[in-house]
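Below is one structure, written out as structure tokens, with a few remarks after it.
The values are calculated or read from the model by the stated rules, or taken from the named source; none is laboratory data. Since the structure is predicted, the reported quantities are computational estimates derived from the model, not experimental observations. Cβ coordinates were reconstructed from backbone atoms using ideal geometry, including for glycine residues, and neighbour counts include every protein chain displayed.
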Amino acid sequence: MTEEGKMTAHAHMNLGVLIGAACLAVLGAGAASSAEPAQTIVGSPHDLRNLATLGKDADLCAFCHIPKDGDDASPSWNRAAPAGPFEGYSSRNLDGHSGALSGVSAGCLSCHDGATPLDALKDPANIVLVNPGQTMAAAFPDSMAILGRDLGNHHPASISYGAAGAGGASRLNPPSVSGSRVYVVSTSDGAEIPLYGAAPGTVECASCHDPHDNARGKFLRTANTNSALCVACHDM
Ligand code: HEC
Ligand code: HEC
Ligand code: HEC
Ligand code: HEC
């Protein structure tokens, strides 16, 4: 076990200050999910329908995606970019960080910063909140899930997988590539841990978390028992 292996995801990583510029366009394709999002989101912490005036079925996806008739496979992103700036993303060990948060991770923070209104949407017609302009911090004042803007206590996101592999501070398992999909495979349960963009790809929030499926708690792609999630990527 290396020194970093003993750290938890919430251990302070001694990161410096970096500005996160968010550019939210259409999302990159991640790993194909085995379960239907519509079934697994219902009743989970990402089922936010009761915050909307109508709380209709379509609102289940519309907090995050623009509904597209007849195209459930590649929905567009519906959220406006979070204002930022995000801090805590540089350290002497962090070879692979570009200095910006990319689309998928910025998308998570457009709620999880606690400051961006939940109805700051690209297509606002889709959702009318019971309390217009409400932020996650206002809707869930005691939530542990509000990360704020200093991300230094969480595992870094929007970091290149390749720069680290090519002589970075960490030893990483090699990624698999299948068409446009780039991923590592968890040896504990075979789950795919997606990387984003062209190979070798980047680690984003959604590499470790599947926002559609909370079966394992904390929306994790694989349970982190005995650091199983960590060792999917880190070779220790
Ligand atoms: C809390 C935010 C959120 C909600 C709600 C949400 N999604 Fe997503 N969705 C995402 C994010 C983030 C991604 C991209 C990351 C990824 O690869 O999973 C994504 C990607 C997808 C993809 C691309 C394929 C994939 O698995 O990567 C599909 C299809 C999808 N969502 C369908 C849905 C449907 C259908 C609903 C409603 C039943 C829904 N989503 C609700 C956040 C959300
Ligand atoms: C539309 C707003 C929104 C977006 C976008 C969103 N979340 Fe959430 N998330 C929430 C809310 C609200 C909660 C529940 C807070 C509570 O109940 O304390 C939550 C809860 C969570 C939790 C805690 C679940 C648990 O079991 O306690 C995790 C982990 C999480 N989100 C990760 C993510 C990740 C990663 C992304 C991006 C891929 C994302 N979220 C995108 C609103 C959002
Ligand atoms: C390398 C994997 C990894 C990445 C990348 C990652 N997380 Fe996490 N995250 C975890 C793990 C593991 C936990 C559970 C830790 C625990 O149970 O104490 C967690 C917990 C959380 C929680 C729940 C906090 C709580 O106590 O309820 C939220 C919210 C969250 N992550 C959001 C994010 C967001 C947003 C990003 C991107 C900016 C992100 N995560 C990136 C692995 C990751
Ligand atoms: C999806 C792949 C992936 C997963 C899963 C993952 N990591 Fe990482 N981790 C990385 C990459 C890539 C880096 C950047 C390495 C570099 O630049 O040298 C990194 C860096 C780190 C660092 C150094 C951060 C710094 O400040 O320099 C620590 C500590 C770490 N990971 C711990 C963990 C732990 C603990 C887990 C399990 C909760 C985990 N990692 C899961 C890919 C991953």
On the given criteria, is PRO156 out of contact with any Asp or Glu (no Cβ under 7 Å at 6 or more places or on another chain), over 21 Å from GLU36 (Cα atoms) and surrounded by fewer than 19 Cβ atoms within 10 Å (Cβ to Cβ)? no
Keeping to the stretch 209-221, report how many residues are touching a residue at least 60 places away in the same chain (Cβ under 8 Å) and near ligand 3 (Cβ under 7 Å from one of its atoms). 1
Subset of the stretch 119-128 [out of contact with any Phe, Trp or Tyr (no Cβ under 7 Å at 6 or more places or on another chain) and of a type in the set (A, V, I, L, M)]: ALA120, LEU121, ALA125, VAL128
Return the residue satisfying two criteria in turn: it lies in the stretch 59-93 and is within 12 Å of ligand 1 (Cβ to nearest atom), surrounded by 14 or more Cβ atoms within 10 Å (Cβ to Cβ) and part of a loop (DSSP other than H, G, I, E, B), and of such residues it is modelled with the lowest pLDDT. PRO67
Within the stretch 222-236, residues assigned to a loop (DSSP other than H, G, I, E, B) and either of a type outside the set (Val, Ile, Thr) or in contact (Cβ under 8 Å) with a residue 60 or more places away in the chain (or both) come out as ALA223, ASN224, ASP235, MET236
Pairs, first within 21 Å of ALA206 (Cα to Cα) and among the hydrophobic types (A, V, I, L, M, F, W, C) in the stretch 107-136, second part of a helix (DSSP H, G or I) and within 16 Å of ligand 4 (Cβ to nearest atom), C-beta under 9 Å, six or more apart: CYS108/CYS205; CYS108/ALA206; LEU109/CYS205
If we take the stretch 134-219, then helices (runs of 4 or more DSSP H) inside it with 3 or more residues that are within 13 Å of ligand 4 (Cβ to nearest atom) are 161-165, 205-208
